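Working notes, structure below.
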Amino acid sequence: MQNELSVRSENIQTIYGLYRNENLLVNRRYQRKLVWAVDEKQSFLDSIIQGFPVPIVLLAETKYNQKDVFEIIDGMQRMNAINSFIENEYDLDGKYFDLNTMVETKELLDAGMLIQKEPMLEREKCSLIARYPLPLSVYSFNDDKKVDEVFRRINSNGRYLSSQELRSAGAIGKFPNLVRKIAEEIRGDTTQSDLLPLSKMSKISINNRSLDYGINADTIFWIRQGIITKELLRKSRDEEIIADCLVYMTLTESQRTSSEILDELYGYKGNSNRMQEIEIALQQVEPSIVRSQYLQTHDTIANAMDDLESNFNQYALENTSQSIPRYYTVFFLAIFNLLFRQNMEIADRNLFYQKLKNIGKHITITVGGNWSAVNKQDNINAVTGILRPAFKEKESVDPVTSSWTTEFLSLLKQSEIEQNLYDFKQGFIRLDGQHTFDDDCFEKVIKTLTAMANDGPKSTGYVCIGVADNQDDAKRLKKLYGVKTEIENGFFITGVNHEIEKSGTGAEEWFKNTLRKIDKSPVTQTFKDNIGRNARLIKFKGKYILILSVKKLGEAAIYGEGYFQRKGPELVPVKPIAYPQFFARF
C-alpha cells in the first residue's frame, strides 16, 4: 500500500493546541531526549519572529489510546522550543511570552495552570509567533519499520546525533532494545510505553544549561561514579558501555570492542553476521534474565559505592582520567562472573571493599579505538581472581533479598510521568494507635490494581507498600514505631519492617500471609494469579518494600460487580452506558 503524504502548514496556535491535548507524541524507540540549549531555542524563536523560513517538521499520522495523534519523526527539538517558550519556560531577550495572546494560554493562566513571568514580550511579537505558519510534512504509515527507517535516513548525516544515537535510531531487535531499556533504568528516565507525549519529554530529559529538566545529571550513576562526563552521557556513551557488557554476558566468547563492532551488532553498517549472532543468543537466553543479571551486578557496585561514601573512579582508580569506561567494564564483568558464572555471593563485605581499593593498579588496559578481546578477557580473569576471596558459593536464591534497587528507583521516577499506573501506601497497619490491620485499605489497593489493569490490555500497574503518601504519615510512623524515613527523589520510604516485626513471623511468611488475603477479594482467579506471580518483597536501604503489581492482564478487570478506572488518584466506576467504549480497549 502506498504511503500517503500531505505537505501543509499549521499556525503555531494550532500546534500548541495539539501539544496541550497530548496529540504530539515522541517515540523513544528512535528519538533521543531534549538536547537543545537555551541559546539554540532562542535562535529558533527569533527566526519565527523575523518571519524567516524554518525547516519542515515531519510527522507520522497514527493512533494512540484510541485517538488520532501525530508521531514526531523529525523536528522534536523545534516543537519543544516553540511550546516551552509559549509556556514561559525560558525567555527571549529577557522577555516572556504574553499568555493573554492566545485563548488556550489565557484559559490556563486564569485557571492557575500557567504562571505569567515578567517582563512580557510585546503583544505584537507574541501574535506573530501565534500566527506563524509552521511547515509540516505529514505521512500516513502502515508499518512502524518504515517510520524507523525514515528517521534513520533523515538523521544519517545529522550534525547533532552521536555515533550511538545514529546506530540505535530505528534499530530493531532484542539486543538494541535490551541496551536501551537497561540504560533508561540506570539513568532514571524509563517509561512503560515507548510513546510519550511531547509535553512530558522534559521530565525524562537531562538538565542542560539553564533548563531545569526532570533528570539531574549529577545524580546519574555514570556521572556520580566518575565513569563518563556529562557531555559523553548526552552522546549516549553509557549505552555503548552497557552494550559491551551485554555482548560478553550473552555470547560464549569474549569480543573485541570498537565502534565498528557496535555498528555491526546494531545492523547499522557492515555485514549482519554479528547482529544475527547476538539475536540468536538472546533467543536462547531470555532477555529478561540477562536484564536481571545486569541490574543485580550493577546494584552490587552501586550499593558498595554508597556504603563507602565514595565513587568508583576515586576509590578503585585513584581518580584516573584515562580509559575509565574500560576499567569499569572489566570490574563489572568480573563481578558478573562471580555472581552468575561461578554462582557466588559476597561473604565478607569488608574484605570486598579492601580488594576493591585501588584495584585499577592490577588492570592493564590497551589504548586506542580497538580494545582486543584477549586484553579484555585477561583483565577480567585477573580482577575475578583478586575479588574471589571475598565471595562464597551461593547457598540459595532468596526472593526476599534479591537486589531490586535500580528497578525500584526507576519505578519511583516513572510514577511522576504515568501517574495513573502507580500508587503508594505507608502500609496496612492503621496509624490510629490500635496497631490493627486495615482491611479497607487492603481492599482499596486491590480495587486500585483492577483500575490500573483497565487502562488497557498491555498496561502494568504498581502499588508500593512501604512508601508514605505524605510527610505527615512518615512522622506518625516515627512516633508510633520509631520508623526512620529515607527520602528518595521526594518520596518518603518508610518500609514495612515494623509490620513484619509485629507479625512475629519473619519477612517471607509475612509476605505469604499478605498475599493470601487476596483470596478473599472479589476479583477473578486470573487477576489473583497475576498479582501473585508479580508480587515482590524487596529490600531498599535496609527497608522492606512490598510491591504489588498487575501486568498485561489482557482483559477488563472486574471488582465486585463493577469496573473501575483511575483518574489521577481517584477511582471512578465505569458507567454501563460507557461499556462499549470501555470494552473496545480489550
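A short reminder: the numbers here are calculations on the coordinates, not readings from a lab. Quantities reported herein were computed from a predicted structural model and do not represent experimental measurements. Backbone-built Cβ (ideal geometry, glycine too); neighbour counts: all protein chains shown.
Summary table
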item: Cα gyration tensor shape for the range 4-161, rounded if a/c is under 1.5, else prolate or oblate; result: prolate
item: Simple spin-label estimate for TYR579 and SER259 in nanometres, 7 Å along Cα-Cβ; result: 6.2
item: Within the chain, longest stretch free of exposed GluC sites (Glu not before Pro) [DSSP loop, at most 12 other beta carbons within 10 Å]; result: 396-560
item: Calculated FRET efficiency for the pair LYS551/ASN273, C-beta based, R₀ 41 Å, to 0.05; result: 0.70
item: C-alpha center-to-center spacing [the range 507-586, the range 422-465] in angstrom; result: 8
item: At most 13 other Cβ within 10 Å, DSSP loop - trypsin sites (Lys or Arg not before Pro), the range 198-247; result: ARG209
item: Listed pairs LYS67/LYS552; LYS520/LYS543; LYS355/LYS541 exceeding 30 Å between Cα atoms; result: none
item: Neighbour net charge for SER9 - beta-carbon separation under 15 angstrom, K R +1, D E -1; result: +2
item: Karplus-derived HN-Hα couplings along the range 126-134 (A = 6.51, B = -1.76, C = 1.60, θ = phi - 60°), whole Hz, x at Gly and Pro; result: 5, 5, 4, 5, 4, 8, 4, x, 7
item: Extension gain (nm, one decimal) between LEU5 and ALA37, 0.36 nm per residue minus Cα-Cα; result: 8.3 nm
item: Relative contact order for the chain, counting Cα pairs under 8 Å that sit 6 or more residues apart, in percent; result: 11
item: Extension gain, THR526 back to THR229 (0.36 nm per residue minus Cα-Cα distance, nm); result: 102.1 nm
item: The chain: calculated mean residue ellipticity at 222 nm from DSSP helix runs of at least 4, using -39500 (n - 2.57); result: -13000 deg cm²/dmol
item: Whole-Hz ³J(HN,Hα) from phi, Karplus 6.51 cos²θ - 1.76 cosθ + 1.60, for the range 308-316, glycine and proline x; result: 7, 6, 9, 10, 4, 4, 5, 7, 9
item: THR460 long-range amide H proximity, modeled H, under 5 Å; result: LYS552
item: Extension gain, LYS361 back to THR219 (0.36 nm per residue minus Cα-Cα distance, nm); result: 48.4 nm
item: J(HN,Hα) series, the range 273-281, from Karplus relation 6.51 cos²θ - 1.76 cosθ + 1.60, nearest Hz, glycine and proline x; result: 4, 5, 4, 5, 5, 6, 5, 5, 4
item: Long-range amide H partners of LEU136 with built H, under 5 Å; result: ARG8, SER9, GLU10, VAL57
item: Inter-label distance, nm, simple model (7 Å from Cα along the C-beta direction), ALA347/ASN100; result: 7.6
item: Over 42 Å [Cα-Cα, the chain], rounded percent; result: 29
item: The range 468-534: trypsin sites (Lys or Arg not before Pro) falling in loop per DSSP and having at most 15 other Cβ within 10 Å; result: LYS484
item: Amide H partners (placed H, <5 Å) of SER162, local residues excluded; result: none
